[in-house]
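No lab work stands behind these numbers, since they all come straight from the coordinates. The model shown is predicted, which means the values in this text are computed figures rather than measured ones. Please note: Cβ atoms are built from the backbone with ideal geometry, for glycine as well, and neighbour counts cover all protein chains shown.
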Amino acid sequence: MKLTVENIKNHYLIFIIKLFILSLFIFSLVDAKIEISNYWNFIVETKNGFLSYLNVAKETSLYSPVIFLLIPLIGIFINKKIGWILIQSYFYFLITHLVFKVKYIDLTNFRSILAYIFVGLLFLLPIILMNKKKISKQIYGIGNMELISKNIIASVIGIAITIILALMKTNGF
């Protein structure tokens, strides 16, 4: 698919989803760099060295969202079934990751509950849009009969990534 005005008019939904993924990647990368630079300033002041900087980067897992964002980032450049699965799996990952975090919210705070519902619906929206015939069939070549199996594969990948991330955090990796 070439980037022309006609293609943008015909496939604006997928362009919006791809721009959303790209903006998430850039935001996560910039956020991680800012956080790491704060630690770097502390390490420079205390003269602990570059090895301490790498230890902080590894232990704080500030770059792990960027690493997991590589999955849909690769998917946005592949207009085949695997690209669709990679993009979908990331949104399933975001939803399951959000569900794991729900146990830490204050259930008496109505605003935080509304915020989690809003964010969950925001992550569900690309899944719904990607399952539309206009995107799944015309761009990625996934027929209606294949859609359920591809969604199951994407959800299993997304849930597996969430479980792996949870295990990494509990084991201190």
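Which entries of LYS81/LYS103; LYS33/LYS101; LYS103/LYS133; LYS101/LYS132; LYS103/LYS137; LYS33/LYS137 have Cα-Cα distances beyond 31 Å here? Working shown, then result.
Working: LYS81/LYS103 34 Å; LYS33/LYS101 24 Å; LYS103/LYS133 36 Å; LYS101/LYS132 29 Å; LYS103/LYS137 38 Å; LYS33/LYS137 38 Å.
Checking Cα-Cα distances, LYS81/LYS103; LYS103/LYS133; LYS103/LYS137; LYS33/LYS137 exceed 31 Å.
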Q.
How are the alpha carbon pair distances in the range 73-158 distributed across 10 Å bins from zero to the largest one, expressed in percent?
A. 17, 44, 24, 13, 2
Q) Quick one: if you stick a label point 7 Å off each Cα along the C-beta vector at ILE74 and THR170, how many nm between them? A) 2.7
